[in-house]
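*Asks:* Structure incoming, see below.
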Amino acid sequence: MRVNATWNVPEKPGLEGLEDKWAKTWRDNSTYAFVRPESRDQVFSIDTPPPTVSGSLHVGHVFSYTHTDVVARYQRMQGKHVFYPMGWDDNGLPTERRVQNYFGVRCDPSIPYDPEFTPPEKPDPKRQIAISRRNFIELCIQLTAVDEQVFEDLWRHLGLSVDWDTLYATIAPSTQAVAQRAFLHNLARGEAYLSYAPTLWDITFQTAVAQAELEDREYPGFYHRVAFHAPDGSPIYIETTRPELIVSVCALIAHPDDVRYQSLFGSFVTDPLFGIQIPVLAHTSAEPDKGAGIAMCCTFGDLTDVTWWRELNLPTRTVIGRDGRLQAETPEWVGNPAAYEPLAGKTTYSAREAVVEMLRASGDLDGEPKPTVRMANFYEKGDKPLEIVATRQWYVSNGGKDLNLRGELLRRGGEELEWVPDYMRNRFTNWVEGLNSDWLISRQRFFGVPFPIWYPLDNDGEPNWESPILASEDLLPIDPMSTPAPGYAEAQRDQPGGFTADKDVMDTWATSSLSPQIACGWGVDDELFNLTFPMDVAPQAHDIIRTWLFTRVVRSHLEFNSLPWKRATISGFVVDPDRKKMSKSKGNVVVPTEILAKFGSDAVRWRAAMARPGADSPFDETQMKVGRRLAVKVLNASKFVLGMGSATPISAVTEPIDLALLEALKGVVSAATASFEAFDYTSALEVTEAFFWSFCDDTIELLKERAYGNLNVAQGTASTELSDTGESTQRVPSPEALSARAALQTALNVLQRLFAPYLPFVTEEVWSWWQEGSIHHAAWPTVAELSVEGDVALLSAVAEALSGIRGAKSNAKMSQKTAIARIEFAGEAASLDLLKLAENDLRAVGSIKGDIVWTPQPGPLSVSAELLAPVE
RNA sequence: GGGCGCAUAGCUCAGUUGGUUAGAGCACCUCCCUUACAAGGAGGGGGUCGUUGGUUCGAGUCCGACUGCGCCCACCA
């Protein structure tokens, strides 16, 4: 058979190699480059989550990023200029940890820079080499460059249609400039401030952490029943899991209505070991049924202690230092210095053991410690419980203290913002309503954005925290550690009367909270910013609503008095088959490269698209096969339809069944479009796929004989004969043949485009066989382009009849090519009339050689057939 | 303790504003190596819609209660 000479349909199409082939073409042609249009309404802009490059991508990332890409491709086909940047979150603690392990080094800021330094060949993680801050940062940059290439390769292989020219990195100088400028603006407006206050502190990483980075974990411990002493010598028992903190006790606290302690309120008791006079006070947040009903308040054991300390104006008696050890010097409030000596410099664990022994010796431990499991706050990346240490930190207002601001943020994120799915907005409001402190943005780390701040030193060399020296905006980014403060010489650094740099860096969320500003060119490229901001969509998973999503709303609200985007689209997780969250420690992580290699990108993307917005989805390999089968089917169906004849315009469609096909397709187009407009990519795929399978199984089967020209509808005879060589002798095709060809080609064309967002590789491949340009810049199909009218009922009636014919053969356990001697269709008269319109097509597909009997009767269609033996 | 979500076939999930006999894919069974496709095709079996009360002519769908599972937040003396 001859096909249109301009078409190039391969003999044996396959999926292998399509990813490499088209990824390269898209790269060479800059297929997904953002081209600036005239106006904002022609743009669809996406605030892509910048993945943490020091981590590894798992299949959940692949799903989530695919969801975004599917929407991006749809919008592009709708004619939007899609602004789809990618970012790498490469600064911060995760990178530092990876660098430490990878190179076997650690950062010691006191060491001078060594330009000759090269990391060891074989790093010994147990004996990390101390290197300077600058050497450390150089290694961070070196390693992130390698990691980022791996990520980019994977995203390209997956077919993400991001514009790789707009790539950003959170540690890049331009990003640092944005982060510093935004911070200076916050500072100028009074939203950022420096405060010396109790801070949640990770003793391993020796840094403050923010409320949003906390995680609850079970932690084994013991209840200790300990006697304090009333003035008359009688014991007052408290229960504590942290007896080592007795030295920092500043009050005993019970509920004001608790009858047991009425007589003690206002009096002083003595601790069992250190001779400290401690007031007994009342506070309504003390719970009579917890422990002994009276609690020991220390500075600081937990966040309740902080509340009591603040509200009752208690003295600060901190003994635990930044390293998690009890301080070496005896605290001045300890009346019995000898008692402290055994504890000095010990870790909390050793100090606890020592205190227990001392309590036993003094007889103040009532009974043995009882084992318990308590919940403790952990830094999400740490493995020791957090301590609370008073430190000086930078904060940004986030509604944790300012209730007006909280209300504004609740209106922004909880009401104004559109959420997909909608119920995810509850996570936002829940979080904002539960905030109990402002946003702590400073970290005592190295690989991050420095604060553009110095402090003047007085004549004693003490910093003046009240009057920081600010960097000028036009000099950003700036590193105060290597650049002297304005008006000072480098020689005055850390000298009395000179200046000192703020040595902290911003937390990674303080930078990524500005991703819309970074990506859209805030303050750098006004034209771009006006075209892309506020952005259209913020895709992400539900685990970082309280961090990334919330902090972006905060920054945008404070800076622009607006939302950073119109809507947030929330993906669920991919969980393991037992519905457990995937994690490295459980060993249930599915590595995406393997799954992509095994099933192909289109198949994995198909499976991703079947996971609805927000819904967690169990990982199941067998589902990937289904996607692969669909991709193969697209190849084969395209090859078959395009092999049946040359290009035929839609105007040639005249047969009722052909018109019905296109009428049904209109319904698919409008349903898929409506779903996409609601960001319901799953429903759009389902409706397309359902139609496509019936298109393949029923419609193509039904029309192929006529389309080939093997069937002349009028006479039921062939209009094309085969020559000896198998080449067809082209006669002028009948109008009926042209109608079938035109209908099949039109439907195929539409279906290829409907699948393009999901299966970018295979659709680009089949499109390239017969169309010019990339399918990903083709117009999204419309009802209007299907400019014919038909009766959809005909299509379903024929499908039913086909099913009956097949069922008859299948029940007789005969081959489907078995000829039929006589067949009876019994059913509603209207259905039979419809079937008569496709009688010749039914004859052809069913090999009906003899009579067709039409029997009108109520009820569903029933088919009975007399079969002939197949002709050998 | 507060909030959110889920519960439909062995598994994964659809099921629009209540309306005939509750659907799809996978898995399973039977048949067919048919000139697009055997990594295929055709046909088939399989569900008391978590429990329970109510509203209604009619409930998988709406309302109440309960049970189980998951997630978020808080508390953690």
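The values are calculated or read from the model by the stated rules, or taken from the named source; none is laboratory data. Remember, predicted model here, so these are calculated numbers, not experimental data. No Cβ is skipped: glycine too gets one built from the backbone with ideal geometry, and neighbour counts run over all protein chains shown. Side chains included, ligands, DNA and RNA excluded: accessible areas come from the protein's heavy atoms. Shrake-Rupley method; radii C 1.70, N 1.55, O 1.52, S 1.80 Å.
*Asks:* Can you tell me which lysines have their Cα less than 20 Å from the Cα of A:LYS836? Leave out same-chain residues fewer than eight positions away.
*Replies:* Output for A:LYS836: A:LYS704, A:LYS849.
*Asks:* Sticking with this structure for a sec: Protein chains only, probe 1.4 Å: how do A:SER234, A:SER796, A:SER734 rank by accessible area, largest first?
*Replies:* Working: A:SER234 45, A:SER796 70, A:SER734 10 Å².
From most exposed to least exposed: A:SER796, A:SER234, A:SER734.
*Asks:* In chain A, what % of DSSP beta bridges are antiparallel (nearest 5)?
*Replies:* Working: 62 of 94 bridges.
Among the beta bridges of chain A, antiparallel pairing accounts for roughly 65 percent.
*Asks:* Where a ≥ b ≥ c are the square roots of the eigenvalues of the C-alpha gyration tensor, would you call region A:221-277 rounded, which needs a/c under 1.5, or, failing that, prolate if a/b is larger than b/c, or oblate? Walk me through the intermediate numbers first.
*Replies:* Values: a/c = 1.84, a/b = 1.32, b/c = 1.40.
The shape class here is oblate.
*Asks:* Please state the equivalent ellipsoid semi-axes for region A:1-65: what are the square roots of 5 times the Cα gyration tensor eigenvalues, largest first, in whole Å? Before the final figure, lay out each step's value.
*Replies:* Numbers: eigenvalues 224, 108, 24 Å².
Semi-axes, largest first: 33, 23, 11 Å.
*Asks:* While we're looking at this one, here's another question. Quick one: which of A:LYS12/A:LYS598; A:LYS346/A:LYS581; A:LYS346/A:LYS370; A:LYS290/A:LYS381 span more than 26 angstrom between C-alpha atoms?
*Replies:* Values: A:LYS12/A:LYS598 20 Å; A:LYS346/A:LYS581 38 Å; A:LYS346/A:LYS370 23 Å; A:LYS290/A:LYS381 30 Å.
Check vs 26 Å cut-off fails for A:LYS346/A:LYS581; A:LYS290/A:LYS381.
*Asks:* Out of the total accessible area of chain A (probe 1.4 Å, heavy atoms of protein only), what percent is carbon and sulfur? Write down the numbers at each step before the final one.
*Replies:* Working: 18790 of 36890 Å².
With neighbouring chains kept in place, the figure for chain A is 51 percent.
*Asks:* A further question on this structure: Roughly speaking, what is the centre-to-centre gap between region A:95-148 and region A:830-872 when only Cα atoms are used, to the nearest Å?
*Replies:* If we compute the Cα centre of each part, the gap is 78 Å.
*Asks:* Leaving ligands, DNA and RNA out of it, rank A:LYS584, A:LYS346 by accessible area with a 1.4 Å probe, largest first. Display every interim value, and only then the final one.
*Replies:* Working: A:LYS584 160, A:LYS346 70 Å².
Correct descending sequence by accessible area is A:LYS584, A:LYS346.
*Asks:* Before anything else, pin down the relative contact order of chain A: Cα pairs under 8 Å, at least 6 apart, normalised by residue count, whole percent. Present the calculation step by step, with values, prior to reporting the outcome.
*Replies:* Details: 1613 pairs, mean separation 122.7, N = 872.
Across chain A, relative contact order equals 14 percent.
*Asks:* Just to confirm a number: summing +1 for Lys and Arg and -1 for Asp and Glu over residues other than A:GLY87 whose beta-carbon lies under 11 angstrom from that of A:GLY87, what do you get? List each step's numbers first, then the result.
*Replies:* Working: positive: none; negative: A:ASP47, A:ASP89, A:ASP90, A:GLU148.
Residues near A:GLY87 contribute -4 overall.
*Asks:* Would you mind getting the accessible area per residue of region A:585-691, heavy atoms of the protein chains only, 1.4 Å probe, in Å²?
*Replies:* Working: 3780 Å² over 107 residues.
Accessible surface, normalised per residue, equals 35 Å².
*Asks:* As a test question: what accessible area, to the nearest 10 Å², does A:VAL845 have when a 1.4 Å probe is rolled over all protein chains in place?
*Replies:* For A:VAL845, solvent-accessible area is about 30 Å².
*Asks:* I've got another one for you. Local charge sum around A:VAL53 (other residues, Cβ-Cβ under 11 Å, Lys/Arg +1, Asp/Glu -1)?
*Replies:* Details: positive: A:ARG98; negative: A:ASP89, A:ASP90, A:ASP147, A:GLU148, A:GLU152.
For residues surrounding A:VAL53, the net value is -4.
*Asks:* Hey, another quick one. Would you mind working out the accessible area per residue for region A:467-580, using a 1.4 Å probe, and quoting it in Å²?
*Replies:* Working: 4100 Å² over 114 residues.
Averaged over the residues of region A:467-580, the accessible area is 36 Å².
*Asks:* From the C-alpha coordinates alone, can you work out the Kirkwood hydrodynamic radius of region A:422-504, in Å? Before the final figure, lay out each step's value.
*Replies:* Working: mean 1/r = 0.0666 Å⁻¹.
It works out to 15.0 Å.
*Asks:* Classify region A:561-673 as rounded, prolate or oblate, taking a ≥ b ≥ c as the square roots of the eigenvalues of its Cα gyration tensor: rounded when a/c is under 1.5, otherwise prolate if a/b is larger than b/c and oblate if not.
*Replies:* Working: a/c = 3.13, a/b = 1.70, b/c = 1.84.
In terms of gyration-tensor shape, oblate.
*Asks:* Let me ask something else. Angle check, please: helix A:735-755 long axis (alpha carbons) against the longest principal axis of chain A (alpha carbons), in degrees 0 to 90, nearest 10.
*Replies:* 0
*Asks:* Also, I was wondering about something else. Solvent-accessible area of A:LYS21, probe 1.4 Å, all protein chains present, reported in Å² to the nearest ten, please.
*Replies:* 90
*Asks:* Rounded, prolate or oblate: which fits chain A when a ≥ b ≥ c are the square roots of the eigenvalues of the alpha-carbon gyration tensor, with rounded for a/c under 1.5 and prolate only if a/b beats b/c? Could you put the intermediate results ahead of the total?
*Replies:* Working: a/c = 3.00, a/b = 2.19, b/c = 1.37.
Verdict is prolate for chain A.
*Asks:* I would also like to ask the following. With every protein chain left in place and a probe of 1.4 Å, what is the accessible surface of A:PHE183, to the nearest 10 Å²?
*Replies:* 0
*Asks:* Just from its helices, what would the mean residue ellipticity at 222 nm be for chain A, if runs of 4 or more DSSP H residues each count -39500 (n - 2.57) and the sum is divided by every residue, rounded to the nearest 500 deg cm²/dmol? Walk me through the numbers on the way to the answer.
*Replies:* Values: 25 runs with 311 residues, N = 872.
Value at 222 nm, helices only, nearest 500: -11000 deg cm²/dmol.
*Asks:* Compute the acute angle (0 to 90°) between the alpha-carbon long axis of helix A:348-362 and the principal axis of greatest extent of the alpha-carbon atoms of chain A; round to the nearest 10°.
*Replies:* Orientation of helix A:348-362: about 50 degrees from the principal axis.
*Asks:* Count charges around A:ASP841 for me, please; just the other residues with Cβ under 10 Å from its Cβ, Lys/Arg as +1, Asp/Glu as -1. Provide the component values of the computation, followed by the final result.
*Replies:* On the way: positive: A:LYS704, A:ARG706, A:ARG843; negative: A:GLU655, A:ASP658, A:GLU701, A:GLU705, A:GLU736, A:GLU839.
My count for the surroundings of A:ASP841 gives -3.
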